[in-house]
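This report refers to the structure that appears directly beneath it.
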Amino acid sequence: MSFLFGSCCYRFVGLDHEVEDGRADRIFSRMADNAAASPTDFVLYGGDQVYADSTWKVAAASSQREYFDLYRQSFGQPNIRRLMANYNHHMILDDHEIENNWPARANPDLWTSKYPAAMKAYQIYQASHSPAVPLNAEGTRLERDPDALWYRFRWGCADFFLMDLRTERVLSRWPWQRKIMSRAQEDAVVAWLEDEPDRVKCLVSSVPLFPEQRWPFRGQDSWEGFAAQRQRLVDAIHDSGCRRLLMLSGDVHASLYARLDRRGRNPIHGWICSGLFWPTALMAFRWYRPMIRDHHTLRGLWKPSLGRVTVPGEVYSRDAFSRVSVDENGATLALFDRDGNPVPDIGTEIRW
């Protein structure tokens, strides 16, 4: 099986709440060309498909109408519209579908106004074409709002689980009480790992599980800020016996391959592809290579080591999308720039 994967598509929205230009739409034309040139099963997105806060707090979407307009304009641009019309699309949200680093600055007003508006728009325009939303008995229409936004599906030789790491967070000053997802979702991930562990497993995490960033860019918004749950997840992956596991992530506006090795255990492979479009005026992450910790020990809350993280190849910090091809023997990770050209020295061949 083979699919396209990417995340983080910034579109500049002006003070009038209108998407100002079509620059972000260009890469979807290249993705459509790539999909047409090779057998493509679907397109997978790892978060930040829209930026409701593209101008920070100025003119950020807050009402239901503004969120609806943002999606209609973003997904109505000609190239992404053509791509979505011809291939299955699986999506999961990250913070910018609501606001940056949500829910770090949430207050009662945002929880009761902005958040419900963002979630209704997300359910209509993203979750609606995923298995998260129940269908009626005939399978002809969507029946109701989903009980949860995380979901799993099976395609060919691979099982997929898309984690919701935004709407179930529990923030606390005490590290052992912090949760990036609910216990119900955590239990569902563990059950998914243990269900036929010899199959290929693709676990989608909107924020990278690894590698970690260097100081001062390290923060509480990623898995690093939820060390207890990260420790349980890594232990569950290793205890499940999965030997064909690939972590797919976005968020950091850079593309790279990383690997987590633990003595006596199967390695965990990580593939990050981000972002689909990030304008030149916002170059905060163009120099991502010095920010990541190329070789480091991944630590748990109670354990000094969860394994050794390595980033063996280069890091690409410009607009890109990727093609992921997997079978029972391994995976091929290939990166393409915004012109559709292969990016050398970034992808890799994995043998399980």
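Taken together, the values in this text are just the output of simple stated rules run on the coordinates, not laboratory data. Bear in mind the structure is a predicted one, so any value in this text is a computation, not a measurement. Cβ: placed from backbone, ideal geometry, glycine included. Neighbour counts: every protein chain shown.
Descriptive notes on the structure:
- Ordering of 164-173, 205-214 by burial proxy (mean other Cβ atoms within 10 Å per residue, highest first): 205-214, 164-173
- Virtual paramagnetic centre 7 Å along Cα→Cβ of Arg154, amide N under 20 Å, in region 218-246: 240-246
- Here the relative contact order of region 127-176, from alpha carbon pairs under 8 Å that lie six or more residues apart, stands at 24 percent.
- When only the Cβ of Lys, Arg, Asp and Glu is charged (+1, +1, -1, -1), the dipole of the chain relative to its Cα centre reaches about 920 debye.
- Protection proxy ranking, peptides 114-123, 17-26, 245-254, average beta carbon neighbours within 10 Å, highest first: 245-254, 114-123, 17-26
- Label assignment, mean projected area of the Cα convex hull in nm² derived from the structure, set (i) 18.9; (ii) 20.6; (iii) 17.1: (iii)
- Between amide H atoms placed 1.01 Å from N, distances below 5 Å from Val200 occur with Asp159, all of them 5 or more places distant or on a separate chain.
- Estimated from helical segments only, the mean residue ellipticity of the chain at 222 nm is -6500 deg cm²/dmol, where each DSSP H run of four or more residues counts as -39500 (n - 2.57).
- Listed by chain and number, the lysines whose alpha-carbon sits under 28 Å from that of Lys303, ignoring those within fewer than 8 places in the same chain, are Lys179, Lys201.
- Distance between the C-alpha centres of region 211-257 and region 39-64: 22 Å, rounded to the whole angstrom.
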